[in-house]
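What follows is a short report on a single structure.
Where a number appears in this text, it was derived from the coordinates with a stated rule and is not lab data. Nothing here was measured: the structure is a model prediction, and the numbers come from that model. Positions of Cβ are generated from backbone atoms using ideal geometry, with glycine treated the same way; all protein chains shown enter the neighbour counts.
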Amino acid sequence: MSCFASADESAHYGFSVCMLLEQYRSQLRWEEEGVVELGTGDATAIGDVVAALPGLRVRGFDISAPSVEAARANIAWRGIADRYTVELGDFFDRADSAAGPRVSTVISNPPYIPAPDRDILMPELWGGVDGNDLVLQLLKAGYDNLITAVASYSDPEATVRTAEDLGYRVANFLAMGLDFGPYSTEPKVRRRIRRLCAEGRGWAGEDSYMVAVALFTRNTDVPGDRADQLLRALQLSV
Ligand SMILES: C[S@@+](CC[C@H](N)C(=O)[O-])C[C@H]1O[C@@H](n2cnc3c(N)ncnc32)[C@H](O)[C@@H]1O
């Protein structure tokens, strides 16, 4: 087992989380509540954000033991262990189990690799058959605000429409083109991506796709809905 490694993707995730937290600072109330994170990886992405935003506290979870070990070392080295903690375990089992009030904001670059089964290069990155299982689970977990990565090839339209059915709007997002990395080029994954795209449930170019980091919110203090813009941006991968 190893840690997730994709420098461009992690940097985009961290930068986007930082921008969205800054843009909606007063409405999301993260300085008072802190935020929780599904999937810290080695903590580089959000370690940068915690260092940049002195009022931010993050409680992270990861199911990968090597990732948690690397994350804790990274956090200690950066001197931010008082504001960024990482626990080993499934976010959905653990995030609500500790004493104290529930926070209203969750952040994540969740697993989104679509494949017929979990037997892939890094099984912890399996997002279910369509790739969007984890983001759908996060939407159904009842947080008011979810800042999450959405990949163009993992049935994003179903994700956005489910979010709407659950009362979420897309407040804003940052989109970036990414080349297929080792996780997307594994033959069974690539075949599944092609299939999703052929069925009109995803978009990808020959060797590239788009990822957007979006703020889904049910907070009435946050204006607007850019759901359709988000879906159009993800189609730019074709
Ligand atoms: C795409 S990686 C993102 C890592 C890091 N946030 C980054 O962007 O560099 C997704 C991470 O989620 C973790 N993960 C998968 N399912 C999880 C779950 N149910 N609870 C907590 N972590 C999970 C994986 O082990 C992996 O480290």
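Once you place label points 7 Å from the Cα toward the Cβ at PHE92 and SER208, how far apart are they in nm?
Distance between label points: 3.4 nm.
What number, rounded to the nearest 500 deg cm²/dmol, is the helix-based mean residue ellipticity at 222 nm of the chain, given -39500 (n - 2.57) per DSSP H run of at least four residues and division by all its residues? Before the final figure, lay out the partial values.
Working: 11 runs with 94 residues, N = 238.
For the chain, the value works out to -11000 deg cm²/dmol.
Rounded to two decimals, what is Rg over Rh for region 1-123 when you use alpha-carbon atoms and the Kirkwood radius?
On the way: Rg = 14.2 Å, Rh = 14.9 Å.
When Rh is taken as the Kirkwood radius, the ratio is 0.96.
Just add up the charged neighbours of GLN27: K/R +1, D/E -1, any other residue whose Cβ is under 11 Å from the Cβ of GLN27. Provide the component values of the computation, followed by the final result.
On the way: positive: ARG25, ARG29; negative: ASP144, ASP221.
In short, 0.
If r is the Cβ-Cβ distance from ALA73 to GLN235 and R0 is 30 Å, what FRET efficiency results, to the nearest 0.05?
Values: r = 40 Å, r/R0 = 1.33.
Once rounded, the FRET efficiency stands at 0.15.
Please rank SER67, SER237, SER16, fewest neighbouring Cβ atoms within 10 Å first, as an exposure proxy. Spell out each step's value before the answer.
Working: SER67 24, SER237 20, SER16 27.
Ranking SER67, SER237, SER16 by Cβ neighbours within 10 Å, fewest first, gives SER237, SER67, SER16.
Taking the Cβ of ARG201 as the center, what net charge do the other residues with Cβ under 9 Å away carry, scoring Lys and Arg +1 and Asp and Glu -1?
Details: positive: ARG195; negative: ASP130, ASP155, GLU157, GLU199.
Taking every Cβ under 9 Å from that of ARG201, the sum is -3.
Say each of ALA51 and ALA158 gets a label point 7 Å from the Cα, pointing the same way as Cα to Cβ; how far apart are those two points in nm?
In this crude spin-label approximation the distance works out to 3.9 nm.
Using only the alpha carbon atoms of region 135-185, find the Kirkwood hydrodynamic radius as the inverse mean reciprocal pair distance, in angstroms to one decimal.
For region 135-185, inverting the mean 1/r across all distinct Cα pairs yields 12.3 Å.
Tell me, what is the percent relative contact order of the chain, built from C-alpha pairs under 8 Å that lie six or more residues apart?
On the way: 481 pairs, mean separation 44.0, N = 238.
Once normalised by length, the contact order is 19 percent.
Of the beta bridges DSSP finds with both residues in the chain, what % are antiparallel, to the nearest 5?
Values: 17 of 34 bridges.
Here the share of antiparallel DSSP bridges comes out near 50 percent.
How large are Rg and Dmax for region 135-238 when calculated on the C-alpha trace, in angstrom?
13.8, 45
Would you kindly calculate the mean projected area, averaged across all directions, of the convex hull enclosing the Cα atoms of region 7-237, in square nanometres?
11.5
Classify region 60-160 from the C-alpha gyration tensor, please: rounded if a/c falls under 1.5, else prolate or oblate depending on whether a/b exceeds b/c.
Judged from the Cα gyration tensor, region 60-160 comes out oblate (a/c at least 1.5, b/c at or above a/b).
Relative to the compact-globule scaling 2.2 N^0.38 Å, provide the ratio for the alpha-carbon radius of gyration of region 46-96.
After normalising by residue count via 2.2 N^0.38 Å, the value is 1.11.
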